[in-house]
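Take a look at the structure set out below.
The values are calculated or read from the model by the stated rules, or taken from the named source; none is laboratory data. This one's a predicted model, so the numbers in the text were calculated from it and none came from an experiment. Every residue, glycine among them, receives a Cβ derived from its backbone with ideal geometry; neighbour counts consider all protein chains shown. Just the protein is used for accessible areas: all its heavy atoms, side chains included, with ligands, DNA and RNA removed. Shrake-Rupley method; radii C 1.70, N 1.55, O 1.52, S 1.80 Å.
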Amino acid sequence: MTTGAHTVTDAVTDAVTTTVIGGVDTHKHTHYAAAVDDQGRLLGHREFPATDRGYQALLSWMREQGRIEAIGVESTGSFGATLTRALSAAGERVVEVNRPNRLARRMDGKSDRLDAEQIARAVLGQTATAIPKTKSGVVEVIRTLRVTRTSAVKARTQTFNTLWGVMIGAPSPLRDELVVLTKRTLVNRCLRLRPETVELIALTGAPERLLLTAVKTALRELARRWKILDEEIKSLNRQIDTLVRATAPELVELHGVGVEIAGQFLVTAGDNADRIRSEAAFAKLCGVAPQPASSGRTTGRHRLSRSGDRAANSALYVITIVRMRRHQPTRDYVDRRTAEGLSKREIIRCLKRYIAREIYAKLPKG
């Protein structure tokens, strides 16, 4: 009996003192978790449903293994987003792991258990150190609205292109009337079309009237769709404008930075912008940090980074072009660097790096 009591006590003590590093391979319906200790020994692995109850069960299971130091989660921006929020809310340190160990996958194969274990080992070996976005504040609201607006803009463009194609192929009297109109006037004119009933004309056997009626019907329906999407986009623009100005007023005030570009930088940084520890890290995130390109007898060379958030990189380019045209200090800088022998491309690269530093200083921290 005494031996049994000591065994139970030792087991509880080991669980408390064991340092646990978790790894989670995320999917649509289930998440597969693995746990290793600080020596890299596998403690266990289990599959859990991707639901609130499943997240709590996953966390409880990991805590049973010992004291959790960190949990690596794959795809924190998609399948793992909700799990990341749940783990962060429970006070656990979450690390973003998106690139699997290719050598281990080539040697050991691929399965959910192996992927989860490799995620945990990436955190243990500190090859994965990124802090994920919390996706739980006003910036996540801005991101969601921006995504919705982008979809609506694409749909509106597609709708007008379809309307234009139908109008160009319309019978001559109708086409001649519409082809000279501007975009919005054309849509409003199509809204006022009053086609006859297709079914009734079909019974009369008049193909020309039937075609004209079908074209008018199509143009009117497409114009209605375009109008609905246009109103949706205007409503979303108003909401985004209000949120961005309230969240980052100093950022919007920078020369060349409007609401659209400021919103992009907010989304790039996330709600917890303090996870980006320096302006150099932010520059790398935006793809404007120069990368060493030395080899052999060539030293001191750098190349342009092709990584990072390309949307943020594009926003920096837009600011740079605007300032090169309308910002006198930037124009003076361009003249000075041109006199020093730098090309326009090199000057733009330098300016983007400088602007990234300026943007980082204006991002809301906490």
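Here's a check for you: in the range 253-283, which residue that is of a type in the set (Asp, Glu) and assigned to a loop (DSSP other than H, G, I, E, B) is least open to solvent (accessible area, probe 1.4 Å)?
Residue satisfying both the conditions and the ranking: Asp271.
Which one is surrounded by the most Cβ atoms within 10 Å (Cβ to Cβ), of the residues in the range 284-322 that are at pLDDT 90 or above, β-branched (Val, Ile, Thr) and out of contact with any helix residue (DSSP H, G or I) (no Cβ under 7 Å at 6 or more places or on another chain)? Full working, then the answer.
Let us first name the residues in the range 284-322 that are at pLDDT 90 or above, namely 284-288, 309-322.
Within this subset, residues satisfying the condition of being β-branched (Val, Ile, Thr) are 288, 318-322.
Going one step further and asking which of them are out of contact with any helix residue (DSSP H, G or I) (no Cβ under 7 Å at 6 or more places or on another chain), we end up with 321-322.
On the way: Ile321: 14, Val322: 16.
Checking each candidate, the answer is Val322.
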_Taking the criterion of being within 26 Å of Ala269 (Cβ to Cβ) and assigned to a loop (DSSP other than H, G, I, E, B), would at least one residue in the range 327-340 satisfy it?_
yes
*Scan the range 192-232 residue by residue and report those that are surrounded by fewer than 17 Cβ atoms within 10 Å (Cβ to Cβ), more than 20 Å from Gly165 (Cα to Cα) and either touching a helix residue (DSSP H, G or I) at 6+ places or on another chain (Cβ under 7 Å) or at pLDDT 95 or above (or both).*
Glu196, Val198, Ala202, Glu231
*Please enumerate the residues belonging to the range 233-251 that are open to solvent by 20 Å² or more (accessible area, probe 1.4 Å) and not hydroxyl-bearing (Ser, Thr, Tyr).*
Lys234, Asn237, Arg238, Gln239, Asp241, Leu243, Arg245, Ala246, Pro249, Glu250
*Could you pull out the residue among Thr134, Thr76, Thr82 that is hydroxyl-bearing (Ser, Thr, Tyr) and either in contact (Cβ under 8 Å) with a residue 60 or more places away in the chain or over 14 Å from Val24 (Cβ atoms) (or both)?*
Thr134
_the range 28-50: number of residues that are in contact with a helix residue (DSSP H, G or I) (Cβ under 9 Å, 6 or more places away or on another chain), modelled with pLDDT of 95 or more and assigned to a loop (DSSP other than H, G, I, E, B)_ = 1
